[in-house]
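Below you'll find the structure, written out as structure tokens, and then a few comments.
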Amino acid sequence: MNILVIGGGGREHTLCWKLSQSPQCKHLFAAPGNAGTATCATNLALGVTDFNGIKAAVLEHQIDMIVVGPEDPLVLGIHDFFIQDPLLADVGVIGPQKAAATLEGSKAFAKAFMKRHDIPTAAYAEFTSETVGEGEAFLEQSQPPYVLKADGLAAGKGVLILEDLNEAKKELRQMLLENKFGKASSKVVIEEFLKGIELSCFVLTDGENYITLPMAKDYKRIGEGDTGLNTGGMGAISPVPFVDDSFKEKIEKQIIIPTIEGLQKDKTPYKGFIFIGLIKVEGAPKVIEYNVRLGDPETEVVIPRIKNDLVEVFKAVQDNRLDKVKLEVIPETSATVMAVSKGYPEAYEKGKVITGISEDEMIFQAGTQLIEGSILTSGGRVLTVTSFGENHHKAVQKSYETLSKVNFEGITYRKDIGFDL
Ligand code: AMP
Ligand code: GLY
């Protein structure tokens, strides 16, 4: 099979690394990819939402399947684009169609989905510019902290958690009346604040059957002790020590099964990954958000733990026979530590030479570019080092040892991944 992975981050390098190990994978491509995917796939200089460019590449390289990494092309309907084009209709697409991708594309849609299908989540209400006064009154009756969410995609910045009522009202007005997050905040969800510990749950479904992948926990804040600004993710660990069998069963019964059945009842076809952001509140799982893709850097700890041939698994998704797949998981703990550019997640420099990337280690590249034989930084999150160990302490320690040999000017990483477990 010829396969194209859409995207260019650490998640996509990990997917390419895994897919390229399959004897069934003939030619592997990444669009746009990075210097890491270039080691195991052919990079195509295409944007992830350039559907016509992707179509031309699929036809030119006789690609049989595309695997969509990020949310943007899914929310914009890349899967529908393939189904509707007779030249592309036979190409497999791993990633849901637009209707179901709205679970990530609209927080209000996701909340209504959960309400309709009795899936535990925070209580909420939604407001638009026409109901901003009601929104302010709603805040006045709520307890702090106040959780305000822009309805649409806002590059991970659309959620505000505020202690002060007046500030919350001001932010609500800015979101609804002054386009604080552009069109994404023309609708705002105000939510009950949930106190607990978060984890990431990944499900792969063919629309009828599903398999649950290993759970993971990611570290979103830039600073040690979970302080400072939110980032795309500074590290991750899998499995999650506080998820025991009974909690797993609650997640499956109360959340995963109603989600899969809900998609079927709503007649929204889904072939792909569902990333359920969960919070454990007094022993009970609640959904914080749905994403319609794998997480990054969670992929970098989850995928390496899977022993199965991933091409075989994806073919089962395409052919609606995921019930025949038995997932085999490496029991050891995997940990990943992300190295970022100095200044990230605010303004940062690019174009720094990276040294010390050893092929003997699991180093997944994110913001990197191959220029005249040198690997240069090209993004905020640069690369992540994944290691295995008998527990998360040992796995993280190994990643730090490997990272100590990697260098670029301004290299920054958290030294405390797993500190809270
Ligand atoms: P989201 O983009 O919905 O994942 O929200 C970003 C982050 O905000 C989450 O990972 C949580 O840490 C936090 N968050 C979102 N919703 C809530 C909530 N209802 N209660 C507490 N924290 C929340
Ligand atoms: N690590 C969180 C995400 O991928 O959204």
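Where residues in the range 128-152 are within 30 Å of GLU71 (Cα to Cα) and free of Cβ contacts under 8 Å to residues at least 40 places away in the same chain, which of them is surrounded by the fewest Cβ atoms within 10 Å (Cβ to Cβ)? If you could, list the steps in order and put the result at the bottom.
Step one: of the range 128-152, the residues within 30 Å of GLU71 (Cα to Cα) are 128-132, 135, 145-152.
Subset that is free of Cβ contacts under 8 Å to residues at least 40 places away in the same chain: 130-131.
Numbers: GLU130: 8, THR131: 16.
Going through the qualifying residues, I end up with GLU130.
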When you check GLU332 against the structure, is it modelled with pLDDT of 95 or more, closer than 30 Å to PHE419 by Cα and either of a type outside the set (Phe, Trp, Tyr) or within 14 Å of ligand 1 (Cβ to nearest atom) (or both), yes or no?
yes
Those residues of the range 153-201 which are in a strand (DSSP E or B) and in contact (Cβ under 8 Å) with a residue 60 or more places away in the chain amount to LYS187, VAL188, VAL189, ILE190, GLU191, ILE197, GLU198, LEU199, SER200, CYS201
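Identify, please: which residue in the range 208-223 is of a type outside the set (Gly, Ala, Ser) and assigned to a strand (DSSP E or B) and is, among those, farthest from LYS253 (Cα to Cα)? Steps first, please.
To start, the set of residues in the range 208-223 that are of a type outside the set (Gly, Ala, Ser) comprises 208-215, 217-222.
With the extra rule that they be assigned to a strand (DSSP E or B), the set shrinks to 210-212, 217-218, 221-222.
Values: TYR210: 13, ILE211: 13, THR212: 12, LYS217: 21, ASP218: 23, ARG221: 31, ILE222: 34 Å.
Step by step, filter the range 208-223, then rank; the result is ILE222.
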Within the range 295-341, the residues that are closer than 25 Å to ASP64 by Cα, in contact (Cβ under 8 Å) with a residue 60 or more places away in the chain and among the polar types (S, T, N, Q) are THR299, GLN318, ASN320
Residue in the range 346-363 that is touching a strand residue (DSSP E or B) at 6+ places or on another chain (Cβ under 8 Å), crowded, with 23+ Cβ neighbours inside 10 Å and part of a strand (DSSP E or B) present = yes
Restricting attention to the range 385-403, the residues that are farther than 18 Å from ILE330 by Cβ and under 22 Å from the mean Cα position of the chain (by Cα) number exactly 0
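Just to be sure before I move on: is PHE314 under 25 Å from MET362 (Cβ atoms), of a type outside the set (Gly, Ala, Ser) and part of a strand (DSSP E or B) in the structure I sent? Reasoning before the result, please.
Working: under 25 Å from MET362 (Cβ atoms): yes; of a type outside the set (Gly, Ala, Ser): yes; part of a strand (DSSP E or B): no.
So PHE314 does not fit the description; no.
Here is a list: GLY207, GLY225, GLY233. Which entry is within 13 Å of ligand 1 (Cβ to nearest atom) and either acidic (Asp, Glu) or at positive phi (or both)? Give the steps one after another, and end with the answer.
Details: GLY207 fails: within 13 Å of ligand 1 (Cβ to nearest atom); GLY225 fails: within 13 Å of ligand 1 (Cβ to nearest atom).
Going through GLY207, GLY225, GLY233 in turn, the sole match is GLY233.
Quick test for you: out of GLY207, GLY235, GLY228, pick the one residue that is touching a residue at least 60 places away in the same chain (Cβ under 8 Å), more than 15 Å from ligand 2 (Cβ to nearest atom) and of a type outside the set (S, T, N, Q).
Working: GLY235 fails: more than 15 Å from ligand 2 (Cβ to nearest atom); GLY228 fails: touching a residue at least 60 places away in the same chain (Cβ under 8 Å).
After ruling out the rest, the residue left standing is GLY207.
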### Query
Does LYS250 satisfy the criteria of being outside any strand (DSSP E or B), among the basic types (Lys, Arg) and either within 16 Å of ligand 1 (Cβ to nearest atom) or in contact (Cβ under 8 Å) with a residue 24 or more places away in the chain (or both)?
yes
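Specify which of the listed residues (ALA101, ALA150, ALA137) is farther than 26 Å from ILE3 by Cα and either within 16 Å of ligand 1 (Cβ to nearest atom) or charged (D, E, K, R) (or both). Talk me through it step by step, then tell me what you get.
Numbers: ALA101 fails: farther than 26 Å from ILE3 by Cα; ALA137 fails: either within 16 Å of ligand 1 (Cβ to nearest atom) or charged (D, E, K, R) (or both).
Testing whether each residue is farther than 26 Å from ILE3 by Cα and either within 16 Å of ligand 1 (Cβ to nearest atom) or charged (D, E, K, R) (or both) leaves just ALA150.
Here's a check for you: in the range 261-298, which residue that is assigned to a helix (DSSP H, G or I) and either over 18 Å from LEU74 (Cα atoms) or basic (Lys, Arg) (or both) is nearest to ligand 2 (Cβ to nearest atom)? I'd like the intermediate steps shown before the answer.
Filtering the range 261-298 down to residues assigned to a helix (DSSP H, G or I) leaves 261-265.
If we keep only those that are either over 18 Å from LEU74 (Cα atoms) or basic (Lys, Arg) (or both) as well, we get 261-262, 264-265.
Numbers: GLU261: 25, GLY262: 21, GLN264: 25, LYS265: 26 Å.
Among residues in the range 261-298 that are assigned to a helix (DSSP H, G or I) and either over 18 Å from LEU74 (Cα atoms) or basic (Lys, Arg) (or both), the one nearest to ligand 2 (Cβ to nearest atom) is GLY262.
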Being of a type outside the set (Gly, Ala, Ser), more than 18 Å from the chain's Cα centre (by Cα) and within 16 Å of ligand 1 (Cβ to nearest atom) narrows VAL243, VAL292, VAL281 down to just VAL281
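Restricting to the range 364-389, and then to whatever is part of a strand (DSSP E or B) and of a type in the set (Gly, Ala, Ser), can you tell me which residue is nearest to SER399 (Cα to Cα)?
So the first thing to find is which residues in the range 364-389 are part of a strand (DSSP E or B), and the list is 364-365, 368-371, 374-377, 381-389.
Restricting the remaining residues to those that are of a type in the set (Gly, Ala, Ser) gives 374, 387, 389.
Values: SER374: 23, SER387: 5, GLY389: 10 Å.
Of everything passing the filter in the range 364-389, SER387 is nearest to SER399 (Cα to Cα).
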- Can you find even one residue in the range 303-310 that is under 26 Å from PHE29 (Cβ atoms), more than 16 Å from ligand 2 (Cβ to nearest atom), part of a helix (DSSP H, G or I) and among the aliphatic types (A, V, I, L, M)? yes
Taking the range 1-48 and keeping residues of a type in the set (Val, Ile, Thr), under 18 Å from LEU294 (Cβ atoms) and surrounded by fewer than 24 Cβ atoms within 10 Å (Cβ to Cβ) leaves VAL48
Going through the range 153-193 in order, the residues found to be within 15 Å of ligand 1 (Cβ to nearest atom), under 18 Å from GLU134 (Cβ atoms) and surrounded by fewer than 19 Cβ atoms within 10 Å (Cβ to Cβ) are GLU192
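The values are calculated or read from the model by the stated rules, or taken from the named source; none is laboratory data. What you are looking at is a predicted structure, and each value in this text was computed from that prediction instead of being measured. Cβ atoms come from the backbone with ideal geometry, glycine included; neighbour counts cover every protein chain shown.
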